[in-house]
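*Asks:* I am attaching a structure below and will ask some questions about it afterwards.
None of the figures in this text is laboratory data; all of them are computed from the coordinates on show. Note that the structure is a prediction, hence the values are computed from the model and not measured. Here the Cβ is made from the backbone with ideal geometry for all residues, glycine too, and neighbour counts use every protein chain on show.
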Amino acid sequence: MNTSRMRVAQKVLQWPLRIILVLAFTASPSIAYADAGTPLIWATLFHLLIGNAIIGIGEGLLIAHLFKARKKAIIWSMIAASQVPPAKPVA
């Protein structure tokens, strides 16, 4: 069998396996804790993480384009930098 066909077949088989694993994990019973956080707190957290990641990707692409730098390293560093809170000003 051709190696490229084998790679395609492996990729095609990976998706059903991933879907089965996701369904198995989400359908399995889990313990509910009272101190797990409200859905609004989790939604805000995910919104901030995803929003900062999108902003980091945009900034990283812009900087990589302007300075002709490696895109992957710049994008990852910008995503990491956007997750760090700003320093408090000294009074």
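*Asks:* Sorted from fewest to most neighbouring beta carbons within 10 Å, what does the list 66, 45 look like? All intermediate terms of the calculation are to be shown ahead of the outcome.
*Replies:* Numbers: 66 8, 45 11.
With the sparsest Cβ surroundings first, the list reads 66, 45.
*Asks:* Please work out the Cα convex hull volume for the range 15-91 and give it in Å³ per residue. Before the final figure, lay out the partial values.
*Replies:* Numbers: hull volume 12.8 nm³, N = 77.
Value for the range 15-91: 166 Å³ per residue.
*Asks:* Now, a different point. Quick one: 77, 28, fewest Cβ neighbours within 10 Å first, how do they rank?
*Replies:* Working: 77 14, 28 7.
So the residues, fewest neighbours to most, are 28, 77.
*Asks:* For 90, 84, what's the fewest-to-most ordering of other Cβ within 10 Å of each Cβ?
*Replies:* 90, 84
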